[in-house]
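Have a look at the structure below before the remarks.
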Amino acid sequence: MSVSQIAKEVYHAHVDHFGEPADSWKFDDGKRSDVFPDRIDVMFWPTDADCGISTFATVGMSDRPMVGANYRVELHFSLRLSLQRAAAAPVARFLANLAMYPFQIGAALDWWHTISQPGPIPFFREASCVLLHPHFVPNGWDAISTKSGDVRILNVVPITPAEKALKMKSRIADALSGIDVFSPR
């Protein structure tokens, strides 16, 4: 399937921010849909001398609007782990599947939402839920401006059921205080 204008803009914003990805995966079943994105690409930037975090980003999720939202989204997933292509592939597949979730349930995703049971989360055996987090640092990157409108970046943070329960009782920042959310656990 051809790449949409918004996907091109999102891709170029990522290249401007991170540089060219070291690798990528294309998930495309060849079917056209008015509800689901036609294609999800997952880009991968491995750790390097300057950054000890491997980063994954979806491109294509923003191709379709979500029900009830006036914005679109893409996913980021970061790991404090050096990965080769074979080890990174399950993460790409997990993100591509997660990117379809709001279209399957017919509801929008946004910052601070949690998803229970998104399927096995690669490298996070203890976690069975994900938190969709905004930027991690003040003035961090949390949106991409495109001709079609803003695309929010939802950082996928694996959390345990106990951490999810804490979120319901207190502020999430307090619940995750002292936890390296990028390290496998």
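The values are calculated or read from the model by the stated rules, or taken from the named source; none is laboratory data. Treat the numbers as computed from the prediction; the structure is a model and nothing was measured. No Cβ is skipped: glycine too gets one built from the backbone with ideal geometry, and neighbour counts run over all protein chains shown. Ligands, DNA and RNA are excluded from the accessible area calculation, which covers all protein heavy atoms including side chains. Shrake-Rupley method; radii C 1.70, N 1.55, O 1.52, S 1.80 Å.
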Quiz item: For the residue pair Asp29 and Thr47, what label-to-label distance in nm results when each label sits 7 Å from Cα along the Cα-to-beta-carbon direction?
Solution: 3.6
Quiz prompt | Val3 paired with Ala89, simple spin-label distance in nm, labels 7 Å along Cα-to-beta-carbon | solution = 2.2
Quiz item: Considering only protein heavy atoms and a 1.4 Å probe, what is the carbon-and-sulfur percentage of the accessible area of the chain?
Solution: 50
Exercise. For Asp150 and Ala162, calculate 0.36 nm times their separation in residues minus their Cα-Cα distance, and state this gained length in nm to one decimal.
Key: 1.0 nm
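Mind checking which helices in the chain clear 18 Å along their axis (Cα) and have mean Kyte-Doolittle hydropathy of 0.0 or more, DSSP H runs only? Please report the intermediate quantities before stating the final value.
On the way: long enough: 5-18 (20 Å, -0.43); 85-105 (30 Å, 0.76).
The qualifying helices are 85-105.
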Quiz prompt | Cβ-based net charge around Ile153, under 14 Å, with every Lys or Arg adding one and every Asp or Glu removing one | solution = -4
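If contacts are Cα pairs under 8 angstrom and at least 6 residues apart, what is the relative contact order of the chain in percent? Mind showing how you got there, number by number?
Working: 337 pairs, mean separation 35.1, N = 185.
Once normalised by length, the contact order is 19 percent.
Taking the Kirkwood radius as the inverse of the mean 1/r across Cα pairs, report the Rg/Rh of the chain.
Details: Rg = 15.7 Å, Rh = 16.8 Å.
Reported Rg/Rh (Cα atoms, Kirkwood Rh): 0.94.
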Self-check item: Under 18 Å from the Cα of Lys147 - aspartates and glutamates, other chains or at least 8 residues apart
Solution: Glu9, Asp16, Asp63, Glu74
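What value, in deg cm²/dmol to 500, does the helix sum -39500 (n - 2.57) over DSSP H runs of n ≥ 4 give at 222 nm once divided by the residues of the chain? Before the final figure, lay out each step's value.
Details: 4 runs with 48 residues, N = 185.
Computed mean residue ellipticity for the chain: -8000 deg cm²/dmol.
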Practice problem: Estimate the FRET efficiency between Asn139 and Ser183 by the formula 1/(1 + (r/R0)^6), using the beta-carbon distance for r and 22 Å for R0, to the nearest 0.05. | Solution: 0.35
Exercise. Would you list the P(r) distribution for the stretch 29-129, with all Cα-Cα distances sorted into 10 Å bins from 0 and each bin expressed as a whole %?
Key: 14, 44, 32, 9, 0
